[in-house]
1. Filter the stretch 116-140 down to the residues that are buried (at least 19 other Cβ atoms within 10 Å of the Cβ) and small (Gly, Ala, Ser), then identify the one that is farthest from the chain's Cα centre (by Cα).
2. Can you name every residue in the stretch 1-19 that is within 16 Å of the ligand (Cβ to nearest atom) and surrounded by fewer than 21 Cβ atoms within 10 Å (Cβ to Cβ)?
3. Could you tell me whether any residue of the stretch 106-115 is outside any loop (DSSP other than H, G, I, E, B) and open to solvent by 30 Å² or more (accessible area, probe 1.4 Å)?
4. Only one residue in LEU41, LEU62 is part of a loop (DSSP other than H, G, I, E, B), closer than 22 Å to ILE126 by Cβ and of a type in the set (A, V, I, L, M, F, W, C). Which one?
5. What's the total number of residues in the stretch 24-54 that are within 19 Å of TYR130 (Cβ to Cβ) and either more than 16 Å from the ligand (Cβ to nearest atom) or open to solvent by 40 Å² or more (accessible area, probe 1.4 Å) (or both)?
6. Among the residues of the stretch 81-94, count how many are away from the ligand (no atom under 12 Å from the Cβ) and either surrounded by fewer than 16 Cβ atoms within 10 Å (Cβ to Cβ) or within 17 Å of TYR23 (Cβ to Cβ) (or both).
7. Of all residues in the stretch 53-84, count the ones that are charged (D, E, K, R) and closer than 26 Å to TYR138 by Cα.
Amino acid sequence: ALERTLSIVKPDAVAKNVVGEIYSRFEKNGLKVVAAKMKHLSKQEAEGFYAVHRERPFFGALVNFMISGPVMIQVLEGEGAVLKNRDLMGATNPKDAAAGTIRADFADSIDANAVHGSDSLENAAIEISYFFPATDVYAR
Ligand code: CMP
């Protein structure tokens with residue numbers, strides 16, 4: 001089915017100047033960018049976005065990393081977009097990520113792992129609305 005998912009190019013990948021290379025992978029694999037913005041998240045914004053991880057031991061480090069520089073936030077649309085984006089990203093830990101995935105090619109560590117992608121259709125809707133009002137998402 002046609003789906004939308006939330007994607008974030010994290011501060012490490014923005015700093016490495018590979019936003020375009022990552023967008024190119026989305027486009028070559030049938031995912032369309034239907035909303036996008038660059039943003040330097042506040043601590044509150046990052047904590048709110050990752051609220052589901054609040055009790056995890058890595059929460060503080062994750063938030064601090066996510067506010068260490070600007071990120072690119074986008075909504076991707078396509079057939080099976082949630083799973084397709086997760087396949088393109090590869091495993092959370094770049095050490096486990098399959099060859100040719102975004103994390104295998106651009107990520108340095110489990111924290112600085114280049115990209116975020118929604119893990120379910122339900123979370124995708126929540127995450128998209130966290131960053132984009134419906135009027136800023138362009139069906140195409
Ligand atoms: P992301 O998809 O953005 O969602 C939560 C992030 O927490 C994850 O990517 C990782 O970058 C980070 N993280 C750090 N340590 C862990 C861990 N042990 N398990 C899962 N995620 C972790």
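The values are calculated or read from the model by the stated rules, or taken from the named source; none is laboratory data. These numbers come from a predicted model, not from an experiment. A quick note on method: Cβ atoms are made from the backbone with ideal geometry, for glycine too, and the neighbour counts reach across all protein chains shown. Side chains are part of the model used for accessible areas, which takes the heavy atoms of the whole protein and leaves out ligands, DNA and RNA. Shrake-Rupley method; radii C 1.70, N 1.55, O 1.52, S 1.80 Å.
1. By that ranking, first place goes to ALA124.
2. Initially, the stretch 1-19 is screened for residues within 16 Å of the ligand (Cβ to nearest atom), giving 5-16.
If the condition is that a residue be within 16 Å of the ligand (Cβ to nearest atom) and surrounded by fewer than 21 Cβ atoms within 10 Å (Cβ to Cβ), then PRO11, VAL14, ALA15, LYS16 are the ones that fit.
3. Restricting attention to the stretch 106-115, the residues satisfying the condition of being outside any loop (DSSP other than H, G, I, E, B) are 106, 115.
From the residues that got through so far, the ones that are open to solvent by 30 Å² or more (accessible area, probe 1.4 Å) too are none.
The answer is no, given that none of the residues of the stretch 106-115 is outside any loop (DSSP other than H, G, I, E, B) and open to solvent by 30 Å² or more (accessible area, probe 1.4 Å).
4. On the way: LEU62 fails: part of a loop (DSSP other than H, G, I, E, B).
Result: LEU41 is the single residue among LEU41, LEU62 that is part of a loop (DSSP other than H, G, I, E, B), closer than 22 Å to ILE126 by Cβ and of a type in the set (A, V, I, L, M, F, W, C).
5. Step one: of the stretch 24-54, the residues within 19 Å of TYR130 (Cβ to Cβ) are 33-54.
Filter once more, keeping what is either more than 16 Å from the ligand (Cβ to nearest atom) or open to solvent by 40 Å² or more (accessible area, probe 1.4 Å) (or both): 33-40, 42-45, 47, 51-54.
Of the residues in the stretch 24-54, 17 are within 19 Å of TYR130 (Cβ to Cβ) and either more than 16 Å from the ligand (Cβ to nearest atom) or open to solvent by 40 Å² or more (accessible area, probe 1.4 Å) (or both).
6. Keep residues of the stretch 81-94 that are away from the ligand (no atom under 12 Å from the Cβ), which gives 81-84, 87-88.
Add one more test, that the residue is either surrounded by fewer than 16 Cβ atoms within 10 Å (Cβ to Cβ) or within 17 Å of TYR23 (Cβ to Cβ) (or both), and what stays is 81, 83-84, 87-88.
Number satisfying all stated conditions: 5.
7. As a first pass, look at the stretch 53-84 and keep what is charged (D, E, K, R): 54-56, 77, 79, 84.
Those left that are additionally closer than 26 Å to TYR138 by Cα: 77, 79, 84.
Within the stretch 53-84, residues that are charged (D, E, K, R) and closer than 26 Å to TYR138 by Cα number 3.
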